[in-house]
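A short write-up of the structure that comes next.
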Amino acid sequence: MLIKVEKHLKVKIQNKISKNFIALLLSIFFSITANAQCAMCRAALESEGNTAKAKGINDGIVYLMVIPYVLVGLVFFAVYKMYQKKIKA
């Protein structure tokens, strides 16, 4: 009886982790475009009137912002996979 309960809890935890991971991936890949400028960058770029340059700066800032989150996600994914191997063994 106790073994069945333990297996049921493990399956429940695995399902919850899987759903959370999928939700995280979806939120990363289908996020709304962000305008990530600091106040100084925005003021400098708006005064020039060059919108192409401002868009380029925005894209660069968002790109630099995403990289650490992707790396942390990969680390958590690796830990998750190791955890899954440990459970199966």
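Take Lys4 and decide whether it is among the charged types (D, E, K, R), modelled with pLDDT under 75 and open to solvent by 70 Å² or more (accessible area, probe 1.4 Å). Yes. One residue stands out among those in the range 23-70 that are under 28 Å from Gln84 (Cα atoms) and open to solvent by 100 Å² or more (accessible area, probe 1.4 Å): the one that is modelled with the highest pLDDT, which is Tyr69.
The values are calculated or read from the model by the stated rules, or taken from the named source; none is laboratory data. These numbers come from a predicted model, not from an experiment. Note: areas computed on protein heavy atoms with side chains; ligands, DNA, RNA excluded. Shrake-Rupley method; radii C 1.70, N 1.55, O 1.52, S 1.80 Å.
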